[in-house]
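*Asks:* Provided herewith is a single structure, encoded as C-alpha cells, for subsequent inquiry.
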Amino acid sequence: MNLHLLLVTFTLRNLNGDYGSFFVALRGNALNWWHFIEQTVIVTTHHDADAFAKLLIPHIETTDALLVSEIDADKCQGWLPKVAWDWIRNTSDYIQRERWKSLTVKPPPQLK
C-alpha cells in the first residue's frame, strides 16, 4: 500500500458549526501529520489526494473550502522554519524508501 504526502488546506466558515468530526477524520486517516500554517496540515497517509478529500467532504459545509494536493518535496518552496523543512524532507525521504521497499522483488521460497 503506497504512502502519500498530502497538503490539506481548508476554510471552515460557519463560526457556530461543530467541525469536530472534520478534525477526527483528518487526523484519524493520517499516519502522521504536521501543522504550522493556519488552516493547513501536511499528512502522511495511505490515501491519495482524491480519496483523502472524499473522506473529509462529508464533514464540511457547502460554504466551506477544501483543497487536498499531493506534495513533491523536491518541488516545494516557501518561507518556513528549518524544523518544518526538516519534517517535510524527512517524511518525504521515508515515503520514498517505503515505496522502494515495496518494489523489491523477493525470491520465491526454496523448494525441498
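A short reminder: the numbers here are calculations on the coordinates, not readings from a lab. As the structure is a prediction and not an experimental result, all values here were calculated from the model. Don't worry about glycine lacking a Cβ; one is built from the backbone with ideal geometry, like all the others, and counts go over all protein chains shown.
*Asks:* So the label point goes 7 Å from the Cα of residue 63 along Cα→C-beta, right? Which residues of the stretch 20-55 then have their backbone N under 20 Å from it?
*Replies:* 20-23, 39
*Asks:* Run the quick spin-label model on residue 79 and residue 13: label points 7 Å from Cα toward the beta carbon, then report their separation in nm to one decimal.
*Replies:* Each label point lies 7 Å from its Cα, and together they span 2.8 nm.
*Asks:* Given the -39500 (n - 2.57) contribution per DSSP H run of 4+ residues, what per-residue ellipticity at 222 nm results for the chain, rounded to the nearest 500 deg cm²/dmol?
*Replies:* -11000 deg cm²/dmol
*Asks:* Which order results if 4, 35 are arranged by neighbouring Cβ count within 10 Å, fewest first?
*Replies:* Numbers: 4 18, 35 14.
Starting with the residue having the fewest Cβ neighbours, the order is 35, 4.
*Asks:* May I pose another question? Report the rotationally averaged projected area of the chain based on its alpha-carbon convex hull, in square nanometres. Write out the running numbers ahead of the final one.
*Replies:* Numbers: hull surface 37.9 nm².
About 9.5 nm², averaged over all directions.
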